[in-house]
């Protein structure tokens, strides 16, 4: 039995996909979660198994329905009883204004960014404590804009702010057995809403960032590896954004 296993929600694509590969490279067995991206998730699982020779399986669940979260973690633990890392990464990103957003916008965002991560973290913690698993960690993926209050993504940002506060509360609640931290990415990938952003748009955005460039997914994976290695860090939110959170760029 391997000593390390990770569940990464929303890991069939984008940053979640790269984190899954990074963990496999570091010897973790990997539980890949997806909602609709079953083909991409299975392709990634096959790639990870062939390249890194670890166990890797796909689990599908719609975390916009918080009722599915407990079933997901139960299924993962059944296949990976040595699970000791949870990464709450699944996300949606839709524009919304407080007065005009559809009624479901609040619930969808809270479910996927806050309530489902809370339930997953709770069940994960119960598993870790009852089985006396060492070196357990939770990493929440947030957003560098949690320091802002003006936004065109009202319910997205509100729910991510909730996840940020949950990170700090759980760091105290679950210490010393489980460390809890968060990563807040800045401009790493183009928005899922910008299918073909113009060069002018990207240049305009990057000029506002103090380091005046986009980040790279490798910067997120480097931060994840740092959190895994440094066992005296808990309750922290690490901004990987070229200092954009300081001047509210982007």
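The values are calculated or read from the model by the stated rules, or taken from the named source; none is laboratory data. Keep in mind it's a predicted model, so treat the numbers as computed, not measured. As a convention, Cβ positions derive from the backbone with ideal geometry for all residues, glycine included, and neighbour counts pool all protein chains shown.
So here's what we get for this one:
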| quantity | calculated |
| --- | --- |
| Hits in region 65-84 (condition: at pLDDT below 95 and in contact with a helix residue (DSSP H, G or I) (Cβ under 6 Å, 6 or more places away or on another chain)) | 66 |
| Residue within region 188-196 that is touching a strand residue (DSSP E or B) at 6+ places or on another chain (Cβ under 9 Å) and under 19 Å from residue 141 (Cβ atoms) present | yes |
| Residue in region 89-100 that is in contact (Cβ under 8 Å) with a residue 40 or more places away in the chain, surrounded by fewer than 19 Cβ atoms within 10 Å (Cβ to Cβ), in contact with a strand residue (DSSP E or B) (Cβ under 8 Å, 6 or more places away or on another chain) and within 19 Å of residue 10 (Cα to Cα) present | yes |
| Test set (1) in a helix (DSSP H, G or I); (2) surrounded by 13 or more Cβ atoms within 10 Å (Cβ to Cβ); (3) modelled with pLDDT under 95 - residue 190 fails condition number | (1) |
| Elements of type helices (runs of 4 or more DSSP H) in region 11-128, at least 1 residues being closer than 24 Å to residue 179 by Cα | 14-25, 69-79, 104-110 |
| Residue satisfying all of: in region 74-83; touching a strand residue (DSSP E or B) at 6+ places or on another chain (Cβ under 7 Å) and touching a residue at least 40 places away in the same chain (Cβ under 8 Å); nearest to residue 138 (Cα to Cα) among these | 83 |
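Let's see how each residue does on (1) part of a helix (DSSP H, G or I); (2) touching a strand residue (DSSP E or B) at 6+ places or on another chain (Cβ under 9 Å); (3) under 19 Å from residue 148 (Cα atoms); (4) free of Cβ contacts under 8 Å to residues at least 12 places away in the same chain:
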position: 171; (1), (2), (3), (4): yes, yes, no, no
position: 179; (1), (2), (3), (4): no, yes, no, no
position: 202; (1), (2), (3), (4): yes, no, no, no
position: 213; (1), (2), (3), (4): no, no, no, no
position: 225; (1), (2), (3), (4): yes, no, no, no
position: 231; (1), (2), (3), (4): no, yes, no, no
position: 246; (1), (2), (3), (4): yes, yes, yes, no
